[in-house]
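Only one structure is covered here, and it is reproduced in the block below.
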Amino acid sequence: MTSVAACRDFINQSTENEKCSLLVFFDNSGGITLQTKAYCHFYSDPKQAAIDVSAILDGESTLFWDGNQPESRLVESETVHDLEDILAIKSKPYKKERHGGYAEAEFYSSVMSDINQKLDEYKRAIPTNHYPQGAEQ
């Protein structure tokens, strides 16, 4: 019998492997293919691709996701971004002209929108008066 802890460790390791193996392919016709070691899916909607990539970056595992399309795996494309590229792009303010085509621009616009929304939620969760009375700010 497998222990719950062993299952949790397996999922955590799988999630980290997925994050590290994350590739996003942008093709000339506006399609986006998200690939990890265990998952592959073709998107015609850049916003949905951004939502799924953000979920992976947030630590969600694709082990139980529907829509795995191993036949859609790519080796090369017009533009390919790996985890390092995505994190570098996310760390800069969004500018449409930095991205090659419509799908890529929409994808990163959605990724940045998701990040800004999460930052706003985080800021709202922090009490505005979190210093004890008389403490230096």
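The values are calculated or read from the model by the stated rules, or taken from the named source; none is laboratory data. Note that the coordinates shown come from a computational prediction; the quantities given were computed from them, not determined experimentally. FYI the Cβ positions are ideal-geometry reconstructions off the backbone, even for glycines, and counts take in every protein chain you see.
At a glance:
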| quantity | calculated |
| --- | --- |
| Lone qualifier among Lys47, Lys19 - being more than 19 Å from Ala105 (Cβ to Cβ) and surrounded by 13 or more Cβ atoms within 10 Å (Cβ to Cβ) | Lys19 |
| The stretch 50-84, residues that are closer than 22 Å to Ser29 by Cβ, acidic (Asp, Glu) and loosely packed, with under 12 Cβ neighbours inside 10 Å | Glu71, Glu76 |
| Helices (runs of 4 or more DSSP H) wholly inside the stretch 32-137 that include at least 3 residues being under 20 Å from Cys20 (Cβ atoms), modelled with pLDDT of 85 or more and touching a Leu at 6+ places or on another chain (Cβ under 8 Å) | 46-57 |
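Residue by residue, here is whether (1) of a type in the set (Ser, Thr, Tyr); (2) farther than 16 Å from Leu83 by Cβ holds:
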| position | (1), (2) |
| --- | --- |
| Ser29 | yes, yes |
| Tyr39 | yes, no |
| Pro46 | no, yes |
| Asp52 | no, no |
| Ser61 | yes, no |
| Phe64 | no, yes |
